[in-house]
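Working notes for the structure below.
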Amino acid sequence: MPRPADRMGLVVQMHKDLGHFGEERTLTEVCRRYFWHNRTKDVKAVVKVCQQCQMVKRMGSIHSEDEELKSVPVCDLFYRVAMDTAGPLPETKSGNRYILVAIDHYSKWCEAKVVADHGAKTTARFLEDDVIYRYGVPKFVLTDNGGEWAAEFDAMCEDYGIHHQHIAPQWPQCNGMAERLIKTIKHGITVLSAVCDNANCWDEQLAKVMFGYRCGIQSNTKFSPFMILTGHTPRLRADNYLHSLTAKVDDVANVEAIAEQFMQKVKLIANIHENVVLNVGHAQQK
């Protein structure tokens, strides 16, 4: 239990570390790590007076149209990946105007990259470097019919044996998962760039926004993408603070204990994946 004098500071820091994603997500992470009376009240108070969040509420984030989301069956990690582009956005000092996104339909794990252009050569490199080389070759890649997903991108999919699925023009909402991710990213970078000095450096905020998204519990899986992939929650600055209050000596490696922890994590991950399939199935039936 943190000292009363430290509690509000911890909430503020956690809210910032999670990319200003709001009251519910901040409260979830606070409750996961700490206990004190009136935690909910303290979190609401912090988010309510956050200048960056309030500024974006008044101004609005970068516009993104709401689209109906269509359920897509899930199968396995990175079996089906949805990809999309956001932009053109206000050009940054580094010359970036677009964001490329890729999201795994199963875990909701996402990758995003800021780029100066969104041509087919650029999107193909993004698929190879940020998806294939990190998580393996998807079986399916879902995109719209834009020119950035043709030519070199199509050739790369064919080379890797990936089935490139195009969304029918009359059903753009079929890529709703990627569209929703883009909306979240746009809101996040708007909040973090709300300070005037950062207005043309929104590309420098993307990593923090992605971290906050990956840490958030998803409504359909009931787990965070981070938990599904790794079997544990990410360590935050607040965790180091908590450790400093309880640890008296440095951790000492114990081979047997490490082996036991590893086996427990294997069982935990298996249980998580079993629940993900059940939770997504229930969500899609609603």
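Some points to look at:
- Some residue of the stretch 109-117 being more than 21 Å from the chain's Cα centre (by Cα) and outside any helix (DSSP H, G or I): yes
- Count - residues of the stretch 128-146 that are crowded, with 16+ Cβ neighbours inside 10 Å and at positive phi: 0
- In the stretch 199-237, the residues that are over 14 Å from the mean Cα position of the chain (by Cα) and surrounded by 21 or more Cβ atoms within 10 Å (Cβ to Cβ): 202, 203
- Residue count, the stretch 91-119 (criterion: in contact with a strand residue (DSSP E or B) (Cβ under 9 Å, 6 or more places away or on another chain) and more than 30 Å from residue 221 (Cα to Cα)): 8
- For residue 274, the criteria (1) assigned to a loop (DSSP other than H, G, I, E, B); (2) at pLDDT 80 or above; (3) loosely packed, with under 12 Cβ neighbours inside 10 Å hold in every case but one, which is (1).
- In the set (1) farther than 14 Å from residue 186 by Cα; (2) at pLDDT below 70; (3) out of contact with any strand residue (DSSP E or B) (no Cβ under 9 Å at 6 or more places or on another chain), the condition left unmet by residue 72 is number (3).
- Any hit, the stretch 75-95, residues being assigned to a loop (DSSP other than H, G, I, E, B), touching an Asp or Glu at 6+ places or on another chain (Cβ under 6 Å) and buried (at least 20 other Cβ atoms within 10 Å of the Cβ): yes
- Among the residues of the stretch 249-271, the ones that are of a type in the set (Asp, Glu) and modelled with pLDDT under 75 come to 2 in all.
- Qualifying residues in the stretch 18-30 (those that are over 14 Å from residue 224 (Cβ atoms) and modelled with pLDDT under 70) - the one surrounded by the most Cβ atoms within 10 Å (Cβ to Cβ): 20
- When the residues of the stretch 205-221 are filtered to those that are in contact with a Ser or Thr (Cβ under 8 Å, 6 or more places away or on another chain) and assigned to a helix (DSSP H, G or I), the one that is farthest from residue 110 (Cα to Cα) is 205.
- Enumeration of residues in the stretch 144-168 that are part of a loop (DSSP other than H, G, I, E, B) and among the polar types (S, T, N, Q): 145
The values are calculated or read from the model by the stated rules, or taken from the named source; none is laboratory data. No experiment lies behind these values; they were computed from the predicted model shown. Here Cβ is always computed from backbone atoms with ideal geometry, including for glycine, and neighbour counts include all displayed protein chains.
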